[in-house]
Structures are given as C-alpha cells and as structure tokens.
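The values are calculated or read from the model by the stated rules, or taken from the named source; none is laboratory data. Only a predicted model underlies this, so the values are computations on that prediction, with no experimental measurement involved. All Cβ positions, glycine included, derive from the backbone under ideal geometry; neighbour counts span all protein chains shown. What goes into the accessible areas is simple: the full protein's heavy atoms, side chains included, and nothing from ligands, DNA or RNA. Shrake-Rupley method; radii C 1.70, N 1.55, O 1.52, S 1.80 Å.
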Amino acid sequence: MIPTVLPTYNRAPLTFVSGQGSWLVEADGRRFLDLGAGIAVNALGHAHPALVGALTEQANAVWHLSNLYEIPAQQALADKLVDLTFADTVFFTNSGTESCELAVKMARKYWADKAPERTEIITFSGSFHGRSSAGIAAAGSEKMTAGFGPLLPGFVHLDFGDHDALTAAAASPSVGAILIEPVQGEGGIRPVPDQCLKGLRDLADEHGLLLIFDEVQCGVGRTGKLFAHEWAGISPDIMMVAKGIGGGFPLGAVLASETAASGMTAGTHGSTYGGNPLGCAVGGAVIDIVSDDAFLAEVSRKAGLLRQKLEGLVADNPDVFESVRGSGLMIGLKCKATNIDVVNAGYAHEILTVPAADNVIRLLPALNLTDDDINEAITRLDKAAKSVAADG
Ligand SMILES: *Cc1c(COP(=O)(O)O)cnc(C)c1O
C-alpha cells in the first residue's frame, strides 16, 4: 500500500524535535551537529531569537493579506534588497522553483515584443533549478526529467565548462538568455571561476542577452558576500533567490534590473502566498543580520578556518576523501568512498551532512556556527571517516 505521504523522498530514520544554533535534538535525546542546515536554508541556525521575534510579532499582528492590498513587510524587504544589490525591483515567491518559473517567464516576456524568436535559454550540465516543469526542463538531466515529458521547450543544454559551445550558442538568433548557478549546489559544489562569470557577462553584453543567476543555494551570505556573484565584480540582469533568505520560513524572490523586468506589467504574473507578511517579516530580519559587513567578514573567517581543518581531515583520511572544494560556507568534500556511506556514518556519529552529485558530500552549515562547532565538526567527521575506512 502506498504510504500516506507520497514516497518521493529517501528519508533517514531520524526525527528531530528541537534545535538551537547549529544543533538539533533527536526524539531519543541525542544531539546532532547540523552541517546541512536544512539544505542551506537555516542560514542563522535554529531558533535564532531575532527571527523568532520577527515571526511572532508579525503573527500577532496579521498572517496573510494577499497581493490585493499593500503589505508593509514586503515593501520594506524589497527596498532593502534593491538598496543592497544590482536590482531595481523584486518579486516575492515561496520557493526556488517558483523563482525559476518567473525568471524564465521574465526572460521570454522581455523578448516578446523586441525579438520574439529569442525564446531559448542557455543552461549547463549538472545544474539544478528546482522541480517544476520549467525547472526540470532547464536543468535537463535524465534523472529529473525521465517520465515527465513532454518537457517545456526552449532550453539549450551545454556542458559545464565548454567555452566553445557557449560562444557558439550565445551567437544564435534564437537565444535570449543564459541561466547559471555561480556555484553549482546539487551538482556537487562546483564554483564557476570569477573570470568565467566575467566572461559570461561580456558574452551576454556582446549579444544583448539577459544573464540570469540562480543564487537559490549560494546566495544570502553563504560565500561570504551577500550574493556569490559579487566576488566577480559583475551583476546579472535577473537573479533567483530562496533557501537562506527565509531562514527556514518558505520565502523566495526574483530580483531584476528595470530593463530586464520591463515586460512585467500589472496582471502578467502573480502568487497568492508570495510576499506574505510572515515570510517577509522573517526575511527582513535575516537580511538585516546577514548583510552586515562584520557578519560577512566572520563568515569568511570561519570558512577559512573550516576549510583549513577540512584539508587536514582529507589528508588524514585519504581512503575516504579526495579533496575539498567550494566557496565560503558552501563546501564540498569529494569522496573516494561512496558519498552516501559517509553521510550515513555521519548519522551514526551524530553529525548531519548532505549528499550531492559527483560523489560529493556537502557542508552547508548555519552561517553563524561557532569556532567550537567547527572543531566538533572535524572531530565527528574524522570518526565517521574512520568508520567508513574500517568497513571498506
Ligand atoms: C534548491 C534549489 C532550487 C529549488 O528550490 P526549491 O525551494 O526546492 O524549489 C533551485 N535552484 C537551486 C540552485 C537550488 O539549490
């Protein structure tokens, strides 16, 4: 008999009942060090007082209004994001995949009356843009698309890093945009080098294409800048955001330049829950904390410390790990052992990590984890690795 919850997930047999900072408490009382943060969502850890405060204050005032009326928390968060980024305007969503939907629609609408043949969007192998029809068609992998055809047309899939194919595709008269994650997440924590992001900007400018960054996983302070593309000193035309921006409350956003958003007039797009007061109140509290320069400097310092210790961990466990990669607190450990075995050994040693493609385990900790948490993480990962090596 089919389970009452549709069985689309492979869940670990763990039930967490409460959390504090980077720690989660299992129903049996064990304390787990959480280096997954709900897949890069709990950017400020569990039960952060400023977030709990913002949510309860809004909950006591009003929960939901709909976009038929003004929503002050939504307006305030949009103003903050415009102030802090390249963007001139923001649309709020509830998830990354919903942000993908609008990014694709916005690109098509931009071209609709200028050059309606420019419907195609260039995307890359190993990418992940969510599980909606547009998201799976954009990423294009067999694993996500099999059985779900006919797929939404209009995507040109290129191999990650194939510069010649990219140059050729960008010159095509049917292409209107390029969509890329500055740091691939699900694909195995693969950063796009800064000079390549600059090259993408130049290529987009040369052909008049829209450059769309998917910062759903790498954005909101994760790499030590508010948004990952800032390291390259360039800006996209459209950016997808979700995960960390809500700190655990379902919230996403599409940020855009005035030019890129020019087709999106009243009635062209909408979302019942998007920009809901509860989500925007929490999102405002997250952005206030994460956008602070001193906070971001601490993210970079902790990332440096963790990275250095992880290099030692890899050197000490050469049969289990191959290398460390990533950007800031978005870290991949490329495994020699099977990544799932390492994640499972972590469960046995009360530490949470997240598997990714390319035989990688991901560390996506809360951005405010402590130096003690980092030391404890290395101790537990080392025990987990030793147990995998002993079993192997
Ligand atoms: C998680 C993710 C998405 C999808 O977000 P959902 O909130 O799961 O819909 C899209 N793009 C990237 C890069 C992601 O990591």
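Taking all protein chains in place and a 1.4 Å probe, what share, in percent, of the accessible surface of the chain do carbon and sulfur account for? With neighbouring chains kept in place, the figure for the chain is 54 percent. Ranked by the mean number of other Cβ atoms within 10 Å of their residues, highest first, the peptides 245-253, 230-238 fall in the order 245-253, 230-238. Remark: relative contact order (segment 100-153) = 28 percent; criterion is Cα-Cα distance under 8 angstrom and separation of 6 or more residues. Calculate the length of the line joining the C-alpha centroid of segment 317-392 to that of segment 92-120, in whole Å. If we compute the Cα centre of each part, the gap is 37 Å.
If you sort the three axes of the alpha carbon gyration tensor as a ≥ b ≥ c, you get a/c of 1.5 or more for segment 240-392 and a/b above b/c, which makes it prolate.
Peptides 218-225, 136-143 ranked from most to least packed give 218-225, 136-143, packing being the mean of other C-beta atoms within 10 angstrom over each peptide's residues.
Between K383 and D288, the modelled label-to-label distance comes to 3.9 nm, taking each label 7 Å out from Cα in the direction of the beta carbon.
Look at the dipole of the chain built from charges on Cβ: of L68, L35, I122, the Cα furthest out on the positive end belongs to L35.
Which lysines, if any, have their Cα less than 17 Å from the Cα of K309, not counting same-chain residues under 8 positions apart? Correct list for K309: K334, K383, K386. In this simple spin-label approximation, Y9 and T265 carry label points 7 Å from Cα along the Cα→Cβ vector, and these lie 4.3 nm apart. For the chain, the per residue solvent-accessible surface stands at 43 Å², with DNA, RNA and ligands left out and a 1.4 Å probe. Taken about its Cα centre, the chain carries a charge dipole of roughly 560 debye when the Cβ of each Lys and Arg holds +1 and the Cβ of each Asp and Glu holds -1. Taking the C-alpha atoms only, the angle from helix 72-84 to the longest principal axis of the chain is near 90 degrees. For the chain, dividing the convex hull volume of the Cα atoms by the residue count gives 157 Å³ per residue.
Considering only A228, A356, L6, and ranking their Cα positions along the charge dipole of the chain that arises from unit charges at the beta-carbon of Lys, Arg, Asp and Glu, the one farthest toward the positive end is L6. Reported value for segment 198-247: 59 Å³ per residue, from the convex hull of its C-alpha atoms.
In terms of its C-alpha gyration tensor, segment 112-197 comes out oblate, because a/c is 1.5 or above while a/b does not outweigh b/c. Across segment 181-246, Cα pairs under 8 Å and at least six residues apart give a relative contact order of 35 percent. The helix-based estimate of mean residue ellipticity at 222 nm for the chain, built from -39,500 (n - 2.57) per DSSP H run of four or more residues and divided by its residue count, is -12000 deg cm²/dmol to the nearest 500. Peptides 97-103, 145-151, 65-71 ordered by packing proxy, namely the average of other Cβ atoms within 10 Å per residue, highest first: 97-103, 65-71, 145-151. For segment 173-224, the gyration tensor built on C-alpha atoms gives a prolate shape. Its axis ratio a/c (a ≥ b ≥ c) is at least 1.5, and a/b is the larger of a/b and b/c.
The mean sequence separation of alpha-carbon pairs under 8 Å and at least six residues apart, normalised by the residue count of the chain, gives a relative contact order of 23 percent. Computed from point charges on the beta carbon alone (+1 for Lys and Arg, -1 for Asp and Glu), the dipole magnitude for segment 16-95 about its Cα centre is near 240 Debye.
PRE reach from N344 (point 7 Å along Cα→Cβ): which of segment 369-392 fall under 16 Å by backbone N? Within reach of a label on N344, which here means backbone N under 16 Å from a point 7 Å along Cα→Cβ, segment 369-392 contributes 384-392.
Two decimals is fine: what is log10 I(q)/I(0) at q = 0.24, 0.27, 0.30 Å⁻¹ for segment 247-305, from a Debye sum with one equal scatterer on every Cα and no solvent? Normalising to I(0) and taking log10 leaves -1.01, -1.08, -1.14.
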